[in-house]
Amino acid sequence: MTISESHARELTRQAERKAELGESLRQDLSQADKILFEAGCGHGHWLTSYAEAHPDTVCVGIDLISWRIRKCLAKRDKRGLKNLHYYKAELNEFMEVLPASIRFERTVLLFPDPWPKARHHRRRMVQHAFLGEVARRTNRGGQFCFRSDDRPYFDWTVEHLEAHPDWQIDPTAEWPHEEDTYFQDLMEEYFSVIAARV
C-alpha cells in the first residue's frame, strides 16, 4: 500500500467515524438545547455523579479510549441515567459534528494530560483556538472549569484564559460538583480555575 492509499483510507475512516458520531449526537440530543460537557471523561466517576445529582441537566462526556467509555456506559446504565451520554470521540471531531444548536452551559476539564515537554505543548487541550470554539458555543455567563495536579499546566491555562477576550476568570466561583475520581484520588494536591463567558 502506498502512502497516498494509506492516507486515503484514513480519510475515509475519519469521514465514516464523524458521520456515525454526528448521527448519534443528533439522535441522543434531539431534545437538548444546552449541555454540560466534559472533555476527557476518563472512567466517568465525576460526570456520572454530577448527572445523578442534576437530573435536569443533559451531560455529555467524551474520551479517546474505548474501554474507558465502556466503563462510563456501565456506570450510567447501572443508575438508569437518561440525562447522561458518553461517546468515544476525538475532541476536534466532536466539536466539528456537534449540532450547531447545542449550547455549552458548562465545560469541564479534569486532570487532562499535561504534555509537560515544551515540544509537546501544542498537544495540550487548552489552546487559544479551543477556548474560542468553546466560547462560540457558550452563552454569556456560561462556565469553563479546569482542574489539574500539574502546576505548569494550570499556570498555562490561567494565562490562556486571561489572554482570551471571551473569558474572564471568576475567583469567587465555586467548583460545580465535588466527587472523588480515579485520577483525583491519586493526587496529593491539585489546582482549579473557573472562568465565565463574557
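The values are calculated or read from the model by the stated rules, or taken from the named source; none is laboratory data. The structure displayed is predicted, hence computed values, not measured ones. Virtual Cβ from ideal backbone geometry, glycine too; neighbours counted across all protein chains shown. Remember, those area values only see protein heavy atoms, side chains included, never the ligands or the DNA or RNA. Shrake-Rupley method; radii C 1.70, N 1.55, O 1.52, S 1.80 Å.
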Residue ID - surrounded by the most Cβ atoms within 10 Å (Cβ to Cβ), chosen from residues in segment 136-154 that are in a loop (DSSP other than H, G, I, E, B) and modelled with pLDDT of 95 or more: 138
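Would you confirm, using the coordinates I've provided, whether residue 25 is within 24 Å of residue 139 (Cα to Cα) and part of a helix (DSSP H, G or I)? Please lay out each step first, then the result.
Details: within 24 Å of residue 139 (Cα to Cα): yes; part of a helix (DSSP H, G or I): yes.
Answer is yes for this residue.
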Per the list (1) under 21 Å from residue 174 (Cα atoms); (2) buried (at least 19 other Cβ atoms within 10 Å of the Cβ), residue check on residue 75 breaks on (1)
Qualifying residue in segment 82-102 (condition: among the basic types (Lys, Arg) and open to solvent by less than 50 Å² (accessible area, probe 1.4 Å)): no
So, in segment 49-72, of the ones that are crowded, with 18+ Cβ neighbours inside 10 Å and of a type in the set (A, V, I, L, M), which residue ends up farthest from residue 35 (Cα to Cα)? 69
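Search segment 155-198 for residues being polar (S, T, N, Q) and in a helix (DSSP H, G or I), and hand back the single one that is nearest to residue 47 (Cα to Cα). Full working, then the answer.
If we filter segment 155-198 for residues that are polar (S, T, N, Q), which is where we start, we get 157, 168, 172, 181, 184, 192.
In the following step, the residues that additionally are in a helix (DSSP H, G or I) were identified as 157, 184.
Details: 157: 21, 184: 13 Å.
Going through the qualifying residues, I end up with 184.
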